[in-house]
Amino acid sequence: MEIAFLFVLSYFLGACPFGYWIGKIFYHEDIRTAGSGNIGTTNTFRVLGVKAGSAVMVLDVLKGTLAASLPHIFGISMGIWTNPFIIGLAAIIGHMFSIWIGFKGGKAVATTAGVLLAYDPHVFVLAVIVFAGFIFLTSMVSVGSIVAFLAVDAYSLFNHDWFLFTIAAVLTVFIIYKHRTNIVRIIHGNENQTPFGLVYWLRKNK
């Protein structure tokens, strides 16, 4: 019952669609009908601006961290079942399939980062550096997201963290699937770009 409680609570935390709520409450706009239609950080930045996008990014990371920390918060320890990443998976699923918006959601990159922060802050820092670095190099959030997940896979494999490797590998498959339309656009050279980064500046100065 304790494990079930943690999973359910983690799911409901992850299911909080902050991008959608902030858009409706403060901007009177449904971001699901604008931009990419995603409720996550990138589309919020694109549709609602820097302030809203920054708020959603922080909140989505924090809800992942909070969800993954529930076993510690409630003082429940039952081996692998109360591992932060196991409990945090429910939050990631909640973000992707939110009960509040018809079991639809986002790509869960920020929420997964929050879970990773609770699991191992060092790996979180690595993922953030890779994520930011590849956005700077390519001007594409989708590339940064996918490569950051691959970096976590490589790190966990190199350090023989088989638990993290297994979870990260599964999540990487999901992330690549969720970014399938982005990958098609990248191949055809028309992926959405951030208004900064090397590729953006090079194209702008042509």
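Of all residues in segment 67-108, those satisfying the criterion of being among the polar types (S, T, N, Q) and free of Cβ contacts under 8 Å to residues at least 60 places away in the same chain are Ser69, Ser77.
Take the conditions (1) touching a Pro at 6+ places or on another chain (Cβ under 9 Å); (2) surrounded by 23 or more Cβ atoms within 10 Å (Cβ to Cβ); Asn83 misses just one of them, which is (2).
For segment 156-182, the set of residues classified as over 19 Å from Ala110 (Cβ atoms) and aromatic (Phe, Trp, Tyr) consists of Phe158, Trp162, Phe163, Phe165, listed by residue number. Among the candidates Gly102, Gly106, the residue that is among the small types (Gly, Ala, Ser) and at negative phi is uniquely Gly106. Candidates are the residues of segment 98-132 that are more than 14 Å from Ala15 (Cβ to Cβ) and of a type in the set (D, E, K, R); the one that is surrounded by the fewest Cβ atoms within 10 Å (Cβ to Cβ) is Asp120.
If you check Val141 against the conditions, is it closer than 23 Å to Phe45 by Cβ, exposed (fewer than 15 other Cβ atoms within 10 Å of the Cβ) and either outside the structural domain of Ala68 (by TED's automatic domain parsing) or free of Cβ contacts under 8 Å to residues at least 40 places away in the same chain (or both)?
No: the conditions fail for Val141.
Among the residues of segment 31-60, those that are surrounded by 15 or more Cβ atoms within 10 Å (Cβ to Cβ) and not hydrophobic (A, V, I, L, M, F, W, C) comprise Arg32, Gly35, Ser36, Asn38, Gly40, Thr41, Thr42, Asn43, Thr44, Arg46, Gly53, Asp60.
Taken residue by residue, segment 176-194 has at least one member that is at pLDDT below 95 and at positive phi. Closer than 20 Å to Thr44 by Cβ, assigned by TED's automatic domain parsing to the domain that holds Leu6 and surrounded by 21 or more Cβ atoms within 10 Å (Cβ to Cβ): is that true of Gly88 in this structure? Answer is no for this residue. Of all residues in segment 70-92, those that are within 17 Å of the chain's Cα centre (by Cα) and of a type in the set (Gly, Ala, Ser) total 3.
The values are calculated or read from the model by the stated rules, or taken from the named source; none is laboratory data. Worth saying up front: this structure is predicted, and the values here are computed from it rather than measured. Every residue, glycine among them, receives a Cβ derived from its backbone with ideal geometry; neighbour counts consider all protein chains shown.
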